[in-house]
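Structure first, then comments.
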Amino acid sequence: MAPSRAPSVQLLRSLRSSDVYSGASSTTRAFSTSCRQHEEEVVVQRESFYRNPKPETAFVPRLERRLAAAGTPPIGSRRRRMAIAQSQGVLFDQLPFQCFQEARKVLIEDRQEKLQQIQTMRDRIARLQQSDGNALHRGGEQYKQKRLESMRTELEHLKILADVNDPNVKRRFEDGKGDMSKPIYRFLADRKWRDYVQKILIQRITQMKVVPDVVPHCDPIVDVKIKFGRTNVQAGDFVDSAISEKPCQLTVQSFEKDPKLITIAIVDPDVPNLETDSFNSRCHFLASNVQIDALTPHLDLAKLAEEQILVPWLPPTAQKGSPYHRLSIVLFQQKDNISVDKAVALRNIQQTDFRTRSFMTRHMLTPIGASLFRTKWDDNMGAVMQRAGIDGAELELKRVKVQPLPYKRRNPSTFR
């Protein structure tokens, strides 16, 4: 330590010690002639930071791991938790930093400007709705509706710009208290998802050939998470056959305001075909006319209505000796939210030889989300196949040894 820093360090230590014991010093008894035994003795007990860690203020890695193991993970970033722990209860908006307060004034003025622009845009939309489309433009009512849609999109963009720099909004979003009915929280959630989770998902579905084996292309715009009971499944994980015997639960998080009608398809493209020495695609679940929005992301496939289910749940299976099977979960958006007629759809569906591309073209579907899990032969697979009525539990697939051509065979007689 430099000699010039030694006095300042000692001074800081003395100030900290005086702050810590300031509460205890206030309880000391001054000079008095009264009897001490008649006075109540106040004992100040400070709450231990290490024995009782809190999710809002724990910033030590050891305490973070303890909270995560207890089921109450830390809230927000470590830098923010450290600042709260050392601020001694000062409100976030009243932090005594001049630069911070001056920056807040600039943000408040900018927000007032955006609010005025929002009100102006709302008035323009109201006037356009009351006007006659034929008198407004030669395009007529079609031009009017297109112009209204463009103005509503600009209005949503202004709402995001009004709150995107607000530190309180970012704090609530980090705490997981964001209201997905508001455009700013949908924007922040979408940006956070695209920064990391979407990239990992695209890597998995391309690396494991879900694209193009199942669908020709897929640009995910919704977050899809898989869960079997209490087991969370990451994209590409192996799932035991005893767990996947029952339908899974999906968390489909949409980041747009308007609800969507989607079709859910679970396809296995790795079913061995011994006659043609190739693989077929088998549909394990198919449901249409399922509505999703930003506020209700949870979907239990076992609780869907009967008129929505085209193909009921078939447990994923894999014969002994066969490679692992990819159970691809693909979500399709129905064009213009038009319902799919169940009677018409069932005419051309073949569960054992399901053609995903033909199904997409026939009903004008667009893939908006995908995920997958894998299965292979395990100790419970035989019983699952028997209960599901799938043949082949007693068979074991073996690779056929390909004999080399005559001129490539090794002749031991020539080696003598």
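Observations
- Being aromatic (Phe, Trp, Tyr), surrounded by 12 or more Cβ atoms within 10 Å (Cβ to Cβ) and either within 22 Å of residue 262 (Cα to Cα) or touching a strand residue (DSSP E or B) at 6+ places or on another chain (Cβ under 8 Å) (or both) is a description that applies to residue 187.
- Residue 195 without any contact (Cβ under 8 Å) to a residue 60 or more places away in the chain and among the acidic types (Asp, Glu): yes
- Hits in the range 162-184 (condition: of a type outside the set (Lys, Arg), surrounded by fewer than 18 Cβ atoms within 10 Å (Cβ to Cβ), in contact (Cβ under 8 Å) with a residue 40 or more places away in the chain and in a helix (DSSP H, G or I)): 167, 168, 174
Yes or no, residue by residue, for (1) of a type in the set (S, T, N, Q); (2) under 18 Å from residue 313 (Cβ atoms); (3) at pLDDT below 95; (4) in contact with a Lys or Arg (Cβ under 9 Å, 6 or more places away or on another chain):
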site	(1), (2), (3), (4)
327	no, yes, no, yes
348	yes, no, yes, yes
390	no, yes, yes, no
404	no, no, yes, yes
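- Scanning the range 102-153 for residues that are closer than 30 Å to residue 166 by Cβ and among the polar types (S, T, N, Q) turns up 112, 116, 117, 119, 120, 150, 153.
- Selected residue (only one of 273, 280 is out of contact with any helix residue (DSSP H, G or I) (no Cβ under 9 Å at 6 or more places or on another chain) and within 17 Å of residue 215 (Cβ to Cβ)): 280
- Of all residues in the range 298-325, exactly one satisfies the criterion of being touching a residue at least 40 places away in the same chain (Cβ under 8 Å) and of a type in the set (Lys, Arg), namely 320.
- One residue alone among 364, 360, 381 is in the same structural domain as residue 291 (by TED's automatic domain parsing), surrounded by 10 or more Cβ atoms within 10 Å (Cβ to Cβ) and over 29 Å from residue 190 (Cα atoms), and that residue is 381.
- Contact map, the range 53-70: first residue farther than 20 Å from residue 173 by Cα, second residue of a type in the set (D, E, K, R), Cβ cut-off under 7 Å, separation 6 or more or different chains; pairs are 53/66.
- The single condition among (1) over 30 Å from residue 388 (Cα atoms); (2) buried (at least 17 other Cβ atoms within 10 Å of the Cβ); (3) of a type in the set (A, V, I, L, M, F, W, C) that residue 200 does not satisfy is (2).
- Of the strands (runs of 3 or more DSSP E) lying entirely inside the range 213-297, the ones with 2 or more residues being free of Cβ contacts under 8 Å to residues at least 60 places away in the same chain and more than 19 Å from residue 355 (Cβ to Cβ) are found at 223-228, 231-233, 249-253, 278-292.
The values are calculated or read from the model by the stated rules, or taken from the named source; none is laboratory data. What you see is a predicted model, and the numbers here were worked out from it, not measured in a lab. Reconstructed Cβ throughout: ideal geometry from the backbone, glycine too, with neighbour counts over all protein chains shown.
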